[in-house]
Amino acid sequence: MSTRAGFIALIGEPNAGKSTLLNRMVGAKVSIVTHKVQTTRARIRGVAMEGDAQLVFVDTPGLFIPRRRLDRAMVAAAWGGAADADIVVLMVEAHRGITEGVERILEGLQEIGQGRKIALAINKIDKVPSEKLLALTSELNARYPFAETFMISAEKGHGVDDLRKWLASELPEGPWLYPEDQIADLPLRMIAAEMTREKLTLRLHQELPYQLTVETENWEERKDGSAKIDQVIYVMRDGHKGIVLGKRGETIKAVSQAARAELEEFLDRKIHLFLQVKVRPNWLEESERYSEMGLDFKDGNA
Ligand SMILES: Nc1nc2c(ncn2[C@@H]2O[C@H](COP(=O)(O)OP(=O)(O)OP(=O)(O)O)[C@@H](O)[C@H]2O)c(=O)[nH]1
Ligand SMILES: [Mg+2]
């Protein structure tokens, strides 16, 4: 039996639906999803099987014009993910079409497209009438010679099976890269921190989600089969700490409950989650924070 395996990078503007697609392909929530832009900060690998092929999907941060060190490191991680992949899938939102952001990505593809196939996935087709899709497909294909175009809804599942089958057939022959039952390549402590960050992002407004980071500091296995997890939420100002805690600690309590429930479902075991908020005005300039996120600090150099 000849097997196939390889890396498939999902790239696109922030909010395009990359993490939603990765989770659907893998069949589990490996990468966090919110309605806000710049949710994903680092590369997240999820593994899916299709026949004899093992598809290693690489979710990447959205591509945008970076301003801060963190932004630059995120965008570098995204392009790096594309450059390391066997196949790249560019995701474009059906209802937004060819934005300036998409234009910039198309320019970047000229280089990344050397030596690897690039497929186009027009996502969120549930949001637009089908006539619009044909026009968008031909416009995008006129600007870049995509190997194939798929019209999908990562959220509803339309078109996703066809995309998976095509990707499987295009991967190089070779041995599988992960054990057959592995679904993610990300330390559990990082997945746990991401789940808490997702709940914070959903609850906090404006810039605050972009000015905090979550780290798992301690993970203790207990004899009764449960685990005690201690996490720290780093914020930049005293005022931010107050907002994260909320009135009488209501916000942090709700975040903690939601994150714990999701972790328990993911790990199928009882979890005791303890969150602590620390003010660290300069965390965006600390290299350790980047390695904890799975980013390269040096990529953030201006
Ligand atoms: N209607 C609709 N919404 C979708 C679809 N796919 C994703 N979404 C929504 O789009 C939003 C962004 O999804 P994500 O998967 O977080 O997008 P992303 O590309 O990973 O975003 P970043 O990590 O910020 O770059 C979420 O609210 C999703 O529920 C889709 O097919 N249809
Ligand atoms: Mg994402």
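Calculated [222 nm] ellipticity per residue, helices only, for the chain: -11500 deg cm²/dmol; basis is -39500 (n - 2.57) per DSSP H run with n ≥ 4, divided by all residues, nearest 500.
In this structure, the pairs whose alpha-carbon distance is over 18 Å, taken from LYS117/LYS298; LYS18/LYS127; LYS36/LYS132; LYS241/LYS278; LYS117/LYS165, are LYS117/LYS298; LYS36/LYS132.
Under the classification rounded if a/c is under 1.5, otherwise prolate if a/b is larger than b/c and oblate if not, where does segment 36-123 fall, given a ≥ b ≥ c as square roots of the Cα gyration tensor eigenvalues?
Numbers: a/c = 1.55, a/b = 1.33, b/c = 1.17.
It is prolate, given that a/c is not under 1.5 and a/b is the larger ratio.
Size estimate for segment 203-302 follows the Kirkwood approach: the inverse of mean 1/r over distinct Cα pairs works out to 14.9 Å. Of THR137, THR201, THR20, which has the largest mean-square fluctuation in a 10 Å C-alpha GNM of the chain? Most flexible of the set in this elastic network: THR137. Taking the average, over residues, of other Cβ atoms within 10 Å as the packing measure, peptides 151-157, 221-227 rank 151-157, 221-227 from highest down. Relative to the Cα centre, the charge distribution of the chain, modelled as +1 at Lys and Arg Cβ and -1 at Asp and Glu Cβ, gives a dipole magnitude of about 1140 debye.
The modelled label-to-label distance for the pair LYS253/GLN114, using points 7 Å beyond Cα in the direction of Cβ, is 5.9 nm. Between segment 94-131 and segment 1-61, the alpha-carbon centres lie 16 Å apart.
Any read-out appearing in this document is the output of simple, stated calculations on the displayed coordinates, not a laboratory observation. Given the structure is predicted, the values throughout are model-derived calculations rather than measurements. Here Cβ is always computed from backbone atoms with ideal geometry, including for glycine, and neighbour counts include all displayed protein chains.
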